[in-house]
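The values are calculated or read from the model by the stated rules, or taken from the named source; none is laboratory data. What you see is a predicted model; the values in this text were computed from it and never measured. Neighbour counts run over all protein chains shown; Cβ positions are idealised from the backbone, glycine included.
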């Protein structure tokens, strides 16, 4: 019974987080990005995505009670137009990246739009020594035509011991190794 409640809470949180990310990236209040590192809210992490990425902000969303998404959300304007990067962190979550990855896998394997064979999991280490778990999967979104998106989660622990998730979502056909290299090169704890 308790496991079912926890599963439902995770599912609701994931749906809420993805909805917020989609809301934020569609807001018009965006500005061009520079090569300077960006700190994502109070997550305790920064990333230097370089040119082509823009910050998307919203005071309405930032002031709401959606503490999981750490602004800004970044959207790519060039070749990967529509790809986005976001960071999610729950200040009280002490779950390890391994346990969080296992929960995501369990959740995703229940979703009919996520082919099981598309799921991958591997350990990663950034150039700065940050270690964690990288999981990814494809989602087949049905509508007038089938759209495939590829989601990547980089799960790690910040200096406060909280599990943090860097999420990169892109059209499956335009997934870019350069973005993964940039993440591993510039992701840092603050």
Inside segment 95-117, the number of residues satisfying the requirement of being surrounded by fewer than 20 Cβ atoms within 10 Å (Cβ to Cβ) and within 26 Å of residue 37 (Cα to Cα) is 1
Restricted to segment 63-94 and to residues being closer than 26 Å to residue 162 by Cβ and without any contact (Cβ under 8 Å) to a residue 12 or more places away in the chain, the residue surrounded by the fewest Cβ atoms within 10 Å (Cβ to Cβ) is 65
ask   = Can you find even one residue in segment 176-183 that is assigned to a helix (DSSP H, G or I), in contact (Cβ under 8 Å) with a residue 60 or more places away in the chain and either surrounded by fewer than 16 Cβ atoms within 10 Å (Cβ to Cβ) or touching a strand residue (DSSP E or B) at 6+ places or on another chain (Cβ under 7 Å) (or both)?
value = yes
Take the conditions at pLDDT 60 or above and at negative phi and apply them to residue 2. Does it pass? yes
